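All remarks here apply to the structure that follows.
The values are calculated or read from the model by the stated rules, or taken from the named source; none is laboratory data. As the structure is a computational prediction, the values presented were derived from the model and not from experiment. When we count neighbours, we look across all protein chains shown, and the Cβ atoms used for this are built from the backbone with ideal geometry, even at glycine.
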Amino acid sequence: MSTEPRTWITALRTSQDHLATVADGLDAGGLRRPSYCDEWTVADVLSHLGSQAEIFQAFLDTTLAGEEPPGQDAFPPIWDRWNAKEPEVQAADSIAANERFVEAVEALSDERLAELRPQIFGMDLDAVGLLRMRLGEHAVHSWDVAVAFDDTATLESSAVELLVDSVAPVAARSGAPQGKAFGLETRLTGPERHLALVVGDAVTVDPWEDRDVDGVLTLPAEAFIRLAYGRLDPDHTPDVTLESATVGIDDVRALFPGF
């Protein structure tokens, strides 16, 4: 995993510019169109991205000022304010809020980035930890918007290059075993990674070591990230190969209901 904050900032900038391009000029129908997220319109997703950008900005600002981070009680009023906006305002304000956050991290010196130690949702992080959380949310929800207009949409490649190496904790958090234990040798392409997807009482993704498995799963890294986030349904699955006598791709999909 890259430990260079500027690399993560560049990927976040690319994701933000892409989202702004997708959102630019959306009419009333487009904003109210269903997004990939269940029960959320495109405007709802943009609103969520905007409120989260505001929250991450608050974490950044308090860290830079040497103040206590915002607590859980600070978030509901922010979400309520964003939810009350009209869809057109949600979209415009979301792009603006996300742009402010990206510009804020771009403006930090290398020295400031190196010493940054934000406390976010009870976790002690560094600059890369902060940016990794933001990029993961931003890139995936940007896809939720883009795919509403283009069934062939994929995650931004610069985000994939970074997020592929932090997919294990996402899979562990989102994985929901369905009572069928199995293991799969997992080969990713673009970029290449060799992993083990193991299902028992929990779901784990580990670097590959020789072990007994029930098959071999081969797919693009972009698709594997979306799988972990619950976004690899049959209509949005690229070339995936699963060589197994006992495990099917639907067994794998069922592990990740999404969030």
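Among all residue pairs at least 6 apart or on different chains, which show Cβ distances below 7 Å where the first residue, located in segment 50-67, is under 14 Å from residue 120 (Cβ atoms) and the second is basic (Lys, Arg) and crowded, with 19+ Cβ neighbours inside 10 Å?
Every condition considered, the pairs that remain are 56/134.
Name, by its number, the condition in (1) within 11 Å of residue 145 (Cα to Cα); (2) without any contact (Cβ under 8 Å) to a residue 40 or more places away in the chain; (3) not aromatic (Phe, Trp, Tyr) that does not hold for residue 29.
(1)
Looking only at residues that are surrounded by fewer than 17 Cβ atoms within 10 Å (Cβ to Cβ) and either out of contact with any strand residue (DSSP E or B) (no Cβ under 6 Å at 6 or more places or on another chain) or among the polar types (S, T, N, Q) (or both) in segment 182-193, which one is farthest from residue 19 (Cα to Cα)?
192
Consider segment 95-122. How many of its residues are small (Gly, Ala, Ser) and closer than 13 Å to residue 57 by Cβ?
The total comes to 4.
Filtering segment 170-195 down to residues that are without any contact (Cβ under 8 Å) to a residue 40 or more places away in the chain and among the small types (Gly, Ala, Ser), which residue is farthest from residue 2 (Cα to Cα)?
If we take residues in segment 170-195 being without any contact (Cβ under 8 Å) to a residue 40 or more places away in the chain and among the small types (Gly, Ala, Ser), then 179 is farthest from residue 2 (Cα to Cα).
Report those strands (runs of 3 or more DSSP E) wholly inside segment 152-259 carrying at least 2 residues which are out of contact with any helix residue (DSSP H, G or I) (no Cβ under 9 Å at 6 or more places or on another chain) and among the hydrophobic types (A, V, I, L, M, F, W, C).
193-199
Tell me whether segment 196-210 contains one or more residues that are crowded, with 17+ Cβ neighbours inside 10 Å and free of Cβ contacts under 8 Å to residues at least 24 places away in the same chain.
Yes, the conditions are met somewhere in segment 196-210.
Restricting to segment 104-131, name every residue that is touching a helix residue (DSSP H, G or I) at 6+ places or on another chain (Cβ under 9 Å) and either of a type in the set (D, E, K, R) or over 19 Å from residue 67 (Cβ atoms) (or both).
Within segment 104-131, 106, 110, 112, 114, 115, 117, 126, 128, 131 meet the criteria.
Here is a yes/no grid of residues against (1) farther than 16 Å from residue 35 by Cα; (2) of a type in the set (Phe, Trp, Tyr); (3) out of contact with any strand residue (DSSP E or B) (no Cβ under 8 Å at 6 or more places or on another chain); (4) outside the structural domain of residue 223 (by TED's automatic domain parsing):
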site	(1), (2), (3), (4)
104	yes, no, yes, yes
124	yes, no, yes, yes
142	no, no, yes, yes
149	no, yes, yes, yes
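Determine the pairs where a residue that is within 12 Å of residue 18 (Cα to Cα), located within segment 151-169, has a partner that is hydroxyl-bearing (Ser, Thr, Tyr) with Cβ atoms under 7 Å apart, the partner being 6 or more residues away or on another chain.
156/14; 156/15; 158/10; 158/14; 159/15
Can you tell me which residue among 30, 25 is of a type outside the set (A, V, I, L, M, F, W, C) and at pLDDT below 95?
25
Answer yes if at least one residue in segment 14-37 is in contact with a Leu (Cβ under 6 Å, 6 or more places away or on another chain) and crowded, with 16+ Cβ neighbours inside 10 Å, and no otherwise.
no
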